[in-house]
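The values are calculated or read from the model by the stated rules, or taken from the named source; none is laboratory data. Just so it is clear, the model here is predicted, and its values are computed rather than measured. Heads up, the Cβs are rebuilt from the backbone with ideal geometry, glycines too, and the neighbour counts pull from every protein chain shown.
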Amino acid sequence: MTHGAEFIQSKYPVIDVDNVVIREEEFGGIIFDSRTPRCEYYLTNRYTLKILKKIDGTTSLEDIKREFGYNAIKIIDYLAKNNMLFFQTEDLWKGNPVKTLNENNTSCLQSPFLITINPSIRCEMNCNFCYVTPSMKNACKELSIEQYKFFINEMVDCGVCLLDIFGGEPFLYPQIYELLRYVSTKPLNVVISTNGLAPTLLLPT
């Protein structure tokens, strides 16, 4: 795709922070779009990560091209075609869209990519293959919805991309719909596992 000088100078790319997470890793970075149905993500090298750090709504395409060359514009074009960033020319977005973590000398990921939570360990079933024993069902204390919201915010700040809501039977958790509504506002791909028997599966009117 060819850009004219006027187009380049007038455009300020911004990552879609409501849906896209960019994580910095030792090898480069991970880009994750929570809207992808198959939990797809992209691994990037350090060169691409440096470009993405410039996509903050305050740096024009001309500035990015001058610093990184024309290949940087191709990368931005690719992200734009996949609706992972957008352009704006006024009221420049002042935040930092790149969710990074503290650098360290490790070859592993700097925070989990997937986290599983068990809102309720209770269940109406007693399946032989389940790891939850009858004594566990009564012994485990459930977290409050405020505690879960705090925990989810911490997850998002650390760059977690996938959330598995498990149990027990998660629909026995009294505030399950409030929890689901809250996680739906975050850039997370959410999977919930249920036996389908809980009465709260009936959607509230």
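Going through E142, E67, E90, E146 one at a time, which residue ends up being at negative phi, loosely packed, with under 10 Cβ neighbours inside 10 Å and modelled with pLDDT of 85 or more?
That would be E146, the only listed residue that is at negative phi, loosely packed, with under 10 Cβ neighbours inside 10 Å and modelled with pLDDT of 85 or more.
Identify, please: which residue in region 93-134 is at pLDDT 75 or above and of a type in the set (G, A, S) and is, among those, nearest to Y41 (Cα to Cα)?
The residue in question is S111.
For P37, are the conditions met, namely being at pLDDT 75 or above and either within 30 Å of L143 (Cβ to Cβ) or assigned to a loop (DSSP other than H, G, I, E, B) (or both)?
no
Please find, among F171, F166, F150, F129, the residue that is touching a strand residue (DSSP E or B) at 6+ places or on another chain (Cβ under 7 Å) and either of a type in the set (A, V, I, L, M) or farther than 18 Å from V21 by Cβ (or both).
F166
Yes/no per residue for (1) in contact with a Lys or Arg (Cβ under 7 Å, 6 or more places away or on another chain); (2) outside any strand (DSSP E or B):
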site	(1), (2)
I121	yes, yes
M125	no, yes
V132	no, yes
M136	no, yes
E146	no, yes
F150	no, yes
V160	no, yes
L163	no, no
